[in-house]
Amino acid sequence: MTSTGPRLGPVRPGPARGHGRRRGPDGFTSPIVRGSCPATRATRTPAPAGSPGRYGRRMEVCSVTAPATVEEAEAIQDALRSRLDLAGPGPRDPALVAGVDVAYADDLLAAAVVVLDAASLDVVEQVTVPGRPAFDYVPGLLAFRELPSLVEALERLTVTPGLIVCDGYGLAHPRRFGLACHLGVLTGLPTIGVGKTAFVGSFDQPGRERGAWSDLLLDGQVTGRVLRTRDGVKPVFVSVGHRIDLETACRHVLALTPRHRLPETTRAADRLSRAALKTAMAASP
């Protein structure tokens, strides 16, 4: 099943400072979260045609708006970080695994979510949402550019994945709250980040064989793993986001990389977001 946004979605910025903005649950006047953001509120819906009954589950994701300033964005990260569940171990055998990615071109973007059957890696459902960046590019605050479109794409899913894999970072982030953490808090679902390069931290190169790993350290603390997914190929950088531990996260990453360096979830979401961006560019005046 494929769902594609019919038009460019509007950016939903927070109102200007001091003009009657209502404070959100965390006390900030331009919240990235509206509502209490409990664990995923899922309601039963009919399964997509031809899908097994276990796929017939739909989730409601917390709504988002863009912060007005860098200071507000950082304060939101600090407030939401306390909601992270890092106890683990997380899902052992999720039936569905989702990949998310966003493609950019000038002032346009296209967010994509692809849900795969975890056993076969076949596509179960995919959604794209075109839009515009909701925040300026600031290192460490990339999530705020993408979240409105990503959340809309997730809300359009008719199934609920047991794990979300982000093309980016979770705890391996300057403020220990990357996209995978943020998306995990908003959805209540287990999330992990799988980066192509190291955003922060230091590490030793792991062994050259598939499955070898080394710690990714930031200020002396383990924030992720440098994981080799293919023999003799550059490693990926795995960090937890929400409701999963690092050991379980790496096990799932290896299961999602049977033939390539990057997880099949990431590869599928990347292809879909690029294709959706081309369509959005062609339709843009």
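With respect to (1) within 25 Å of LEU108 (Cα to Cα); (2) in a loop (DSSP other than H, G, I, E, B); (3) not small (Gly, Ala, Ser), the lone exception for LEU154 is condition (2).
The residues of region 81-129 that are among the charged types (D, E, K, R) and touching a residue at least 40 places away in the same chain (Cβ under 8 Å), listed by number, are ARG81, ARG83, ASP85, ARG92, ASP101, GLU125. Selection within region 124-135: residues that are closer than 27 Å to ARG81 by Cα and of a type in the set (A, V, I, L, M, F, W, C). The member of this set that is surrounded by the most Cβ atoms within 10 Å (Cβ to Cβ) is VAL129. Mind checking whether some residue in region 144-153 is of a type outside the set (D, E, K, R), touching a strand residue (DSSP E or B) at 6+ places or on another chain (Cβ under 9 Å) and over 19 Å from LEU272 (Cα atoms)? Yes, that holds for at least one residue.
Scanning region 200-218 for residues that are of a type in the set (Lys, Arg) and surrounded by 14 or more Cβ atoms within 10 Å (Cβ to Cβ) yields a count of 1. For region 130-150, the tally of residues that are free of Cβ contacts under 8 Å to residues at least 40 places away in the same chain and among the hydroxyl-bearing types (Ser, Thr, Tyr) stands at 1.
Residues in region 157-169: is at least one aromatic (Phe, Trp, Tyr), in contact with a helix residue (DSSP H, G or I) (Cβ under 7 Å, 6 or more places away or on another chain) and in a loop (DSSP other than H, G, I, E, B)? Checked region 157-169: at least one residue is aromatic (Phe, Trp, Tyr), in contact with a helix residue (DSSP H, G or I) (Cβ under 7 Å, 6 or more places away or on another chain) and in a loop (DSSP other than H, G, I, E, B). What number of residues within region 228-279 are surrounded by 24 or more Cβ atoms within 10 Å (Cβ to Cβ) and assigned to a helix (DSSP H, G or I)? The number of residues fulfilling the criteria is 9. Within region 62-74, the set of residues being at pLDDT 70 or above and either of a type in the set (Val, Ile, Thr) or touching a Phe, Trp or Tyr at 6+ places or on another chain (Cβ under 9 Å) (or both) comprises ALA66, PRO67, THR69, VAL70, GLU72, ALA73.
The number of residues in region 81-126 being polar (S, T, N, Q) and under 23 Å from ALA172 (Cα atoms) comes to 1.
Rundown of residues vs (1) among the β-branched types (Val, Ile, Thr); (2) farther than 22 Å from ALA269 by Cβ; (3) out of contact with any Ser or Thr (no Cβ under 8 Å at 6 or more places or on another chain); (4) buried (at least 23 other Cβ atoms within 10 Å of the Cβ), yes/no style:
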{"position": "LEU154", "(1), (2), (3), (4)": "no, no, no, yes"}
{"position": "PRO161", "(1), (2), (3), (4)": "no, no, yes, yes"}
{"position": "ARG175", "(1), (2), (3), (4)": "no, yes, yes, no"}
{"position": "THR197", "(1), (2), (3), (4)": "yes, no, yes, no"}
{"position": "GLY220", "(1), (2), (3), (4)": "no, yes, yes, no"}
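If you go through region 107-152 and keep only what is under 14 Å from the mean Cα position of the chain (by Cα) and aromatic (Phe, Trp, Tyr), you end up with just PHE144. Look at (1) in a strand (DSSP E or B); (2) surrounded by fewer than 23 Cβ atoms within 10 Å (Cβ to Cβ) and you find that LEU121 fails only one, number (1).
For ARG225, the criteria (1) assigned to a loop (DSSP other than H, G, I, E, B); (2) free of Cβ contacts under 8 Å to residues at least 60 places away in the same chain; (3) buried (at least 23 other Cβ atoms within 10 Å of the Cβ) hold in every case but one, which is (1). Within region 136-152, restricting attention to residues that are surrounded by fewer than 24 Cβ atoms within 10 Å (Cβ to Cβ) and not aliphatic (A, V, I, L, M), the residue that is nearest to LEU163 (Cα to Cα) is GLU152.
Restricting the search to region 188-222, which residues are hydroxyl-bearing (Ser, Thr, Tyr) and not in a strand (DSSP E or B)? Before you say what the answer is, go through the steps one by one.
Initial filter on region 188-222 (hydroxyl-bearing (Ser, Thr, Tyr)): 191, 197, 202, 214.
Within region 188-222, just THR197 meets the criteria.
The set of residues in region 186-195 that are buried (at least 24 other Cβ atoms within 10 Å of the Cβ) and farther than 18 Å from ARG225 by Cβ comprises LEU186, THR187, LEU189.
The values are calculated or read from the model by the stated rules, or taken from the named source; none is laboratory data. All values reported here derive from a predicted model rather than from experimental measurement. When we count neighbours, we look across all protein chains shown, and the Cβ atoms used for this are built from the backbone with ideal geometry, even at glycine.
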